[in-house]
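Take a look at the structure set out below.
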Amino acid sequence: MEYIESLLWLALWPIVIFLGYKFAKLNLRHYQKMERLEELEKIYAGETAK
């Protein structure tokens with residue numbers, strides 16, 4: 001049983017690392033989009049206040 005568990009771990013850890021990488025990349029992309037949206041809101045709010 002320990003042999004099977006070790007094989008499963010060796011097979012799954014690259015997938016776990018890859019999924020963590022994809023999740024972090026997705027969060028960074030979302031963060032960049034939200035920052036750009038905030039910049040556009042400031043620009044638009046400044047134009048409409050004039």
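The values are calculated or read from the model by the stated rules, or taken from the named source; none is laboratory data. Since the model is a prediction, treat every value here as computed from it, not as a measurement. Virtual Cβ from ideal backbone geometry, glycine too; neighbours counted across all protein chains shown. The area values use the complete protein model at the heavy-atom level, side chains included, leaving out ligands, DNA and RNA. Shrake-Rupley method; radii C 1.70, N 1.55, O 1.52, S 1.80 Å.
Whole number in Å², please: accessible area per residue of the chain, 1.4 Å probe, ligands, DNA and RNA not counted.
103
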- Query: By how many nm would the segment from N27 to S6 grow when fully extended, if each residue of separation counts as 0.36 nm and the alpha-carbon distance is taken off?
  - Reply: 4.4 nm
- Query: So, counting K/R as plus one and D/E as minus one, what does the shell of residues with Cβ under 11 Å around L40 add up to?
  - Reply: -2
- CD proxy, 222 nm, the chain: helix-only mean residue ellipticity via -39,500 (n - 2.57) per DSSP H run with n ≥ 4, per residue, nearest 500, stands at -35000 deg cm²/dmol
- Item | Lysine pairs with alpha-carbon atoms under 20 Å apart, the chain, spacing 8 or more or separate chains | 4
- Calculated Rg and Dmax of the Cα atoms in Å (choose from (1) 10.6, 31; (2) 11.2, 34; (3) 21.8, 73), label: (3)
- Query: Among A45, N27, L7, whose Cα lies farthest out toward the positive end of the dipole of the chain, if unit charges sit on the beta carbon of Lys, Arg (+1) and Asp, Glu (-1)?
  - Reply: A45
